[in-house]
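What follows is calculated from the coordinates using simple rules that are stated; it is not laboratory data. Please read these numbers as outputs of a predicted model, since none were measured by experiment. When we count neighbours, we look across all protein chains shown, and the Cβ atoms used for this are built from the backbone with ideal geometry, even at glycine.
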Amino acid sequence: MKKHLVICGIDEAGRGPWAGPVCAAAVILDPDQPIEGLNDSKKLTEKRRQALEVLIREKAARFAIGWASPEEIDALNIRRANHLAMQRAFEGLGLVPDQALIDGNDAPELACDAIAIIGGDGIEPCISAASILAKTARDAEMERLDSVHPGYGFAKHKGYGVKAHAEALQRLGPCAIHRRSFKPVRLALTTSGNASG
């Protein structure tokens, strides 16, 4: 009898924002409990993502979330911090799968065979599931951080570089969760002269 390969999907959310952590998720789906409608989290409505998040948490064989903080992003650079978040999610699974499928073109060092797949979050269900968990977890964390650091609109734009965020950055200066290695934040530090904690 052929052994069933244990495959985990890994994806991240929050590579591009000017503020907040980067979040990664690792998911091993249960072949006996398929989940309909999995897709790249960016192609789903917020309502659909949240509904699928519940199903993934109920039906997946295993899942884990990993984070890298804004301080780690600044110290390591976003690529390495992204890998760190993915490694933490992978380790959180509590077992070593036979293979890890990672969205994108850049796989982190893992304790198993790791394959990067460009556009993987749209074609591999386990990566789609990871993309949904990473996105919903990070969105929830940015909504929480909005109440800790009011005035920037984190609950709305989740730290991405939209016009309202740029204006708040100029007005208030960077706060504790801004990524100081990112150019717009670095420029705001020199021009606003007001770095709030």
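What per residue convex hull volume, in Å³, do the alpha-carbon atoms of region 30-188 yield?
Looking at region 30-188, the number lands at 123 Å³ per residue.
Think of each Lys and Arg Cβ as +1 and each Asp and Glu Cβ as -1; about the Cα centre, that makes the dipole of region 113-161 roughly 240 debye. A Förster radius of 25 Å combined with the Cβ-Cβ distance from R144 to I123 puts the calculated FRET efficiency at roughly 0.20. Label region 33-102 by shape, choosing from rounded, prolate and oblate, from the square roots a ≥ b ≥ c of the eigenvalues of the Cα gyration tensor; if a/c is under 1.5 it is rounded, and otherwise prolate applies when a/b is larger than b/c, oblate when it is not. Since a/c reaches 1.5 but b/c is at least a/b, the shape of region 33-102 is classed as oblate. What FRET efficiency do you get for Q33 and S181 if R0 is 41 Å and r is their Cβ-Cβ distance, rounded to the nearest 0.05? With a Förster radius of 41 Å, E is 0.50. Residues T45, T136, arranged from fewest to most other Cβ atoms within 10 angstrom of their Cβ, appear as T45, T136.
I want the local charge near A51. Using Cβ-Cβ distances under 15 Å, sum +1 for each Lys or Arg and -1 for each Asp or Glu among the other residues.
+2
The alpha carbons of region 120-160 occupy a box of 38, 14, 8 Å along the principal axes, longest dimension given first. Counting neighbouring Cβ atoms within 10 Å and putting the fewest first, the residues M86, M142 line up as M142, M86.
What the phi angles of region 91-103 give under the Karplus curve with 6.51, -1.76 and 1.60, with θ = phi - 60°, is a coupling list of 5, x, 5, x, 8, 9, x, 6, 7, 10, 10, 10, 5 Hz, glycine and proline written as x. Put a dot 7 Å past the Cα of Q99, heading toward its Cβ, do the same for K42, and the two dots end up 2.5 nm apart.
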